[in-house]
Amino acid sequence: MKRSRIWLSVAATAALVLAACGTGGGNGSEAPDGSDGDPGELTAVRLQLQWAPQAQFAGYFAASELGYYEDEGLDVEIVDGGPDVIPQQAGSAENGPEFTISWVPKVLEARAAGSDLVNIAQIFQRSGTLSVAWADSGITGPADFEGKRVGVWDFGNEFEVTAAARAEGLEEGTDYEKVIQPFDMLLFLSRDIDVAEAMIYNEYAQVLEAENPDTGELYQPEDMNVIDYNEVGTAMLQDAIFARAGWLAEEGNEDVATRFLRASFRGWMHCRDNPDDCIEFTVNAGSTLGAGHQAWMMNEINPLIWPSPDGIGIMDADLWQQTVDISLESEIIAEAPPSDAYRTDLAEAALEGLDGDTTGDSFTKGTVEVTPGGE
């Protein structure tokens, strides 16, 4: 919990970096307070990404490029994240971005330290976290971590892995060695760790894009054993849209949030139906990843969102409770969050104003060709 207090203590500094942009040109929308206002004025808001530009955020890039935000009377500045950005810290600052993308358990931890961030739309309906081990390692599940070097990322990315190990009676530092990975798969590829944490849309692909020195060909899925935390039962909710309760309470801001959600949902619906467009939008947003890797990522991101049984952005109450329970058992938080830690009314209002398929019940995952180095 100490890390959370540090995050919040420097939030004011982070806010200076995320200073607001000015308003842009208009589309004739009504002013946020319902008055006639200047029909040409857009409401300026900021969206803090959890990481650097990549297809994980393609729906927001699509909403920007296709004019969906402008359609809702918004001028949205998308603020990049990265290894030196803690989004829930930035989003908690009084003058920080109006909207923040982060993982639910990370925000639960921040809330326990005083943040008033509220989950207003649960975009990812499934976890993208995996652990991968070589097929010859004998590691097929968390029970096999005993005596092994288990790679994880820190800063809250490791919770699902450590919770799964604890469910098998294994504690880090006693029953297995926890190794903090850099944000790549080099320790795994060099076999300096026995099992590695990987996102299905990123690091897992990095291994498949690497050459197997024994064969001279790319690694294949059968070269690895994959542990999926959705199947293990310790999956925790990941990418969601958060806003500060204090900001939402200000006059007109719930309407702004609803319009922001509606445009963002349209962006994600477009990416479901037009993934190639959204790969291009992601490249335009400044991604440095290769086109092949972006194609893999887009193909894996969509199944984390679709289908959304109750409509995109609507919280699955059972998965919320599972995330809270694991957070408590893992001592991420000391007590359950209050009932207002998430709300669905804004997402429901956004869905009411949308045409098209908002659940993706008929969604089927596509296929992509793995390319060397993700190029």
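Scanning region 183-216 for residues that are open to solvent by 60 Å² or more (accessible area, probe 1.4 Å) and at negative phi, we see that the one that is modelled with the lowest pLDDT is 183.
Of the residues in region 254-297, how many are charged (D, E, K, R) and open to solvent by less than 50 Å² (accessible area, probe 1.4 Å)?
Keep residues of region 254-297 that are charged (D, E, K, R), which gives 254-255, 259, 262, 266, 272-273, 276-277, 280.
Then keep just the ones that are open to solvent by less than 50 Å² (accessible area, probe 1.4 Å); that gives 259, 262, 272.
Residues in region 254-297 being charged (D, E, K, R) and open to solvent by less than 50 Å² (accessible area, probe 1.4 Å): 3 in total.
Applying the selection to region 298-317, what residues are open to solvent by less than 50 Å² (accessible area, probe 1.4 Å) and more than 19 Å from residue 202 (Cα to Cα)? Result: 307, 308, 311, 312, 313, 314, 315. Checked against (1) surrounded by 22 or more Cβ atoms within 10 Å (Cβ to Cβ); (2) not in a helix (DSSP H, G or I), residue 60 passes all but condition (2). Total residues in region 96-116 satisfying the condition of being assigned to a strand (DSSP E or B) and either surrounded by fewer than 24 Cβ atoms within 10 Å (Cβ to Cβ) or of a type in the set (Val, Ile, Thr) (or both): the figure is 2. At pLDDT below 95, within 23 Å of residue 107 (Cβ to Cβ) and of a type in the set (A, V, I, L, M), is that true of residue 17? In short, yes. Restricting attention to region 319-373, the residues being farther than 30 Å from residue 110 by Cα, surrounded by fewer than 16 Cβ atoms within 10 Å (Cβ to Cβ) and touching a strand residue (DSSP E or B) at 6+ places or on another chain (Cβ under 8 Å) number 1. The conditions of being charged (D, E, K, R), outside any loop (DSSP other than H, G, I, E, B) and within 21 Å of residue 228 (Cα to Cα) are not met by residue 340.
The C-beta contact set for region 162-178 (first residue touching a residue at least 40 places away in the same chain (Cβ under 8 Å), second residue open to solvent by 10 Å² or more (accessible area, probe 1.4 Å) and among the charged types (D, E, K, R), distance under 9 angstrom, 6+ apart or interchain) comprises 162/171; 162/172; 162/178; 163/329; 166/172; 166/329; 167/329. Among the conditions (1) within 30 Å of residue 318 (Cβ to Cβ); (2) open to solvent by 20 Å² or more (accessible area, probe 1.4 Å), residue 174 misses just one, which is (1).
If you take the residues of region 129-151 that are assigned to a helix (DSSP H, G or I) and not small (Gly, Ala, Ser), which of them is nearest to the chain's Cα centre (by Cα)? Quick ask: steps written out before the conclusion?
Of the residues in region 129-151, the ones assigned to a helix (DSSP H, G or I) are 135-137, 142-145.
Still in the list and also not small (Gly, Ala, Ser): 136, 142, 144-145.
On the way: 136: 32, 142: 24, 144: 28, 145: 26 Å.
Once the filter is applied, the top-ranked residue is 142.
The values are calculated or read from the model by the stated rules, or taken from the named source; none is laboratory data. The model shown is predicted, which means the values in this text are computed figures rather than measured ones. Neighbour counts run over all protein chains shown; Cβ positions are idealised from the backbone, glycine included. Heads up: the accessible areas ignore ligands, DNA and RNA and are worked out on the full protein's heavy atoms, side chains in. Shrake-Rupley method; radii C 1.70, N 1.55, O 1.52, S 1.80 Å.
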